[in-house]
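**Q** The structure follows.
The values are calculated or read from the model by the stated rules, or taken from the named source; none is laboratory data. These numbers were taken from a predicted model, which means no experiment stands behind them. Virtual Cβ from ideal backbone geometry, glycine too; neighbours counted across all protein chains shown.
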Amino acid sequence: MKKTLSRRQLLTAVPPAAFLIGVGSQAMPKGPMQPANAPDNSKPKLRPIDAVFAPPSVHWVGDGFRVAGYMNVIPDAAKRLSPFLLLDYHAPYTYEPTTRARGVGVHPHRGFETVTLAWQGSVAHHDSTGAGGIIGPGDVQWMTAASGILHKEYHESAWAKQGGTMHMAQLWVNLPRSDKMRKPGYQPLTAAEMGLVTLDEGAGRVRIIAGEYAGVKGPARTATKITLLDVELSAGGTIRIPSPARENLSVLVMAGAVTVNGDTHAPTNSFVLFKNEGDVATLTASTDAHVLVLGGEPIDEPVVQYGPFVMNTRQEIAQAYQDFQSGKFGFLAD
């Protein structure tokens, strides 16, 4: 089993050699052909749980983000969670007021997307294309690094002067080969743009960031099929999550506790990974709960990752490093 690096390591590891996260085909599950007289299997079947993971230890990314890197504890994470490459979860943490810039300095990216979700706190970001902005409560920044970008992110200065609680998460999302070298870009998704579904009988609500739930679509444009749901459940409330077996599915419990598929307890900060079987999962809140649902079609391509570069071959990783060193990612002052 290959060890997955933390984001802190990924952002600082940029030597020319390549680190192999996964190579070879990540084939989608294929079931046997059904005979003509097979029984009716149209009734939804629960997706079995593969594992419930306890939260990993926290580490610092720069001096501004205290995160738990969930990919580090999941075996074969690059395949089992594809197209997601990284999940750094910043549980609620209170920062003292400061006038010092606190965060992560200039670092490169190529071949994937970063998705930053904010529930509390405020983060400012800038990049080598001249773009920038502020990510506030309820907002999501979907950055497509693609062919290459330099980036930095800090606690927003006005918020930092007051201090307060920060609650955020960052995902790294792989791009298929056909999109890895396209032009970088942003999708600044505000809280007001999110799709919203209110569950029946006061069970809770679902914010749809990407994909679709109950006929409501999220605002994010994605290179491959992705479902990203921000779910709040009232105690006793249940949500059914449709998800075909060919797609990977997982859930991060950010607050409270849930019962999965009617019989498995998942407490705060646990991570639930489902098998590629069945077509629906259920979550019932034991207490008021807040969960993040990650689903997506696996990208059936080799994954070669070193530091902040994610490509398909070792040669492409070496080229990424050479391009970064020669200034082709542009310039950004720290």
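**Q** THR268 fails exactly one of the following numbered conditions: (1) on the phi < 0 side of the Ramachandran plot; (2) at pLDDT below 95; (3) not aromatic (Phe, Trp, Tyr). What is the number of that condition?
**A** (2)
**Q** Shifting gears a bit: Which numbered condition in (1) more than 18 Å from the chain's Cα centre (by Cα); (2) at pLDDT 95 or above is the only one that ASP127 fails?
**A** Answer for ASP127: the failing condition is (2).
**Q** Has the stretch 100-107 got at least one residue that is in contact with a His (Cβ under 6 Å, 6 or more places away or on another chain), charged (D, E, K, R), more than 21 Å from LEU229 (Cα to Cα) and in a strand (DSSP E or B)?
**A** Checked the stretch 100-107: no residue is in contact with a His (Cβ under 6 Å, 6 or more places away or on another chain), charged (D, E, K, R), more than 21 Å from LEU229 (Cα to Cα) and in a strand (DSSP E or B).
**Q** For residues that are of a type outside the set (Gly, Ala, Ser) and either closer than 22 Å to ARG102 by Cβ or free of Cβ contacts under 8 Å to residues at least 24 places away in the same chain (or both), scanning just the stretch 128-148, find the one that is surrounded by the most Cβ atoms within 10 Å (Cβ to Cβ).
**A** The extreme case among them is VAL140.
**Q** For the stretch 244-272, which positions are crowded, with 20+ Cβ neighbours inside 10 Å and under 10 Å from GLY296 (Cα atoms)?
**A** GLU247, ASN248, LEU249, SER250
**Q** Same structure again: Please enumerate the residues belonging to the stretch 171-192 that are assigned to a helix (DSSP H, G or I) and either under 16 Å from the mean Cα position of the chain (by Cα) or among the small types (Gly, Ala, Ser) (or both).
**A** SER178, ALA191, ALA192
**Q** Let me ask you something else. Report, ordered by the first and then the second residue, all pairs with beta carbons closer than 9 Å, sequence separation of six or more or different chains, a first member in the stretch 267-283 that is farther than 13 Å from SER250 by Cα and free of Cβ contacts under 8 Å to residues at least 40 places away in the same chain, and a second member that is not in a strand (DSSP E or B) and not hydrophobic (A, V, I, L, M, F, W, C).
**A** Close Cβ pairs satisfying both conditions: PRO267/GLY256; PRO267/SER286; THR268/PRO55; THR268/GLY256.
**Q** With the checklist (1) part of a strand (DSSP E or B); (2) modelled with pLDDT of 95 or more in hand, flag the one item PRO56 doesn't pass.
**A** Tallying (1) part of a strand (DSSP E or B); (2) modelled with pLDDT of 95 or more, PRO56 fails exactly one: (1).
**Q** Go through the stretch 216-235 residue by residue and tally those that are buried (at least 21 other Cβ atoms within 10 Å of the Cβ), of a type in the set (A, V, I, L, M, F, W, C) and either touching a helix residue (DSSP H, G or I) at 6+ places or on another chain (Cβ under 8 Å) or farther than 12 Å from ALA255 by Cβ (or both).
**A** Matching residues across the stretch 216-235 total 4.
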